[in-house]
Amino acid sequence: MGSTEQQIEAQWAQLQHRVGARRAEVLKYDVDDDQFAVEYARLVDVTDELVEFEATIAERLAEPERRRSERIVRWSWRGQAAVGAVLIALVFVLDRSTWWLLLLVPHFVATVAGCFQKVDAEQHRDRRFGAIAVHVVALLVALISLSVISRWFIIAAALGWMLAAGSAMDSTGADPKGARR
């Protein structure tokens, strides 16, 4: 069991112990006693803490994996933005047609925009998948712009961008509140 699981289990056990201790205190007094109401209020407070803690256990367990996904996403998009900048520079260095900038500049802008996305606990795997898909798209864009493969592969690059963008965007439901929870 990892340290995160051990910490969560220890906190949960501590809260359960506190609820048990408060319950024992409540049972010491008669219902008509003034101290009973005080101890009962304390029992309710510590029980609320336990219930709120239990509601966050799944998110707490997913946090290490989310942080890993966040690093993968951040560095993947940053790396691909750097590749896009290099490809734009190569247009000028290799004296290529500036028409290639119609492909390369949107690619560069999209990868820079991807660097600033948030990686939350619920969608971190989708974001990681999108970041990895960007590597394939960037490879296609590089090979197309350097005339290694046919220009027809621009269609595959566009489809790849739609896939990557779809996984990078927030999932929205039909409800007016917006994002899925």
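No lab work stands behind these numbers, since they all come straight from the coordinates. Because the structure is a prediction, the values reported are computed rather than measured. For neighbour counting, all protein chains shown are included, and Cβ atoms are generated from backbone atoms with ideal geometry for every residue, glycine included.
Structure above, values below:
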item: Segment 29-110, dipole about Cα centre (Lys/Arg Cβ +1, Asp/Glu Cβ -1), debye to the nearest 20; result: 1720
item: Most to least packed among 123-135, 13-25, 67-79 [average Cβ atoms within 10 Å]; result: 123-135, 67-79, 13-25
item: Size of charge dipole - the chain - debye, nearest 20, with Cβ of Lys, Arg +1 and Asp, Glu -1, no other charges; result: 1560
item: The chain: DSSP helices with Cα axial extent of at least 24 Å and average Kyte-Doolittle hydropathy no lower than -1.0; result: 3-27, 34-55, 57-93, 124-145
item: Descending principal axes extents, the chain, alpha-carbon based, whole Å; result: 90, 38, 21
item: Dipole moment magnitude, nearest 20 debye, segment 1-58 about Cα centre, only Lys, Arg, Asp, Glu C-beta charged; result: 220
item: Centre separation in Å (Cα based) which lies between segment 39-58 and segment 79-144; result: 47
item: Ranked by how many other beta carbons lie within 10 Å on average, peptides 41-49, 89-97, 108-116 from highest; result: 108-116, 41-49, 89-97
item: Debye equation applied to the C-alpha atoms of segment 1-59, log10 I(q)/I(0) at 0.14, 0.21, 0.29, 0.30 Å⁻¹; result: -0.46, -0.76, -1.10, -1.14
item: Selection from Leu101, Val91, Val46 lying farthest towards where the dipole of segment 1-106 points positive, charges on Cβ; result: Val91
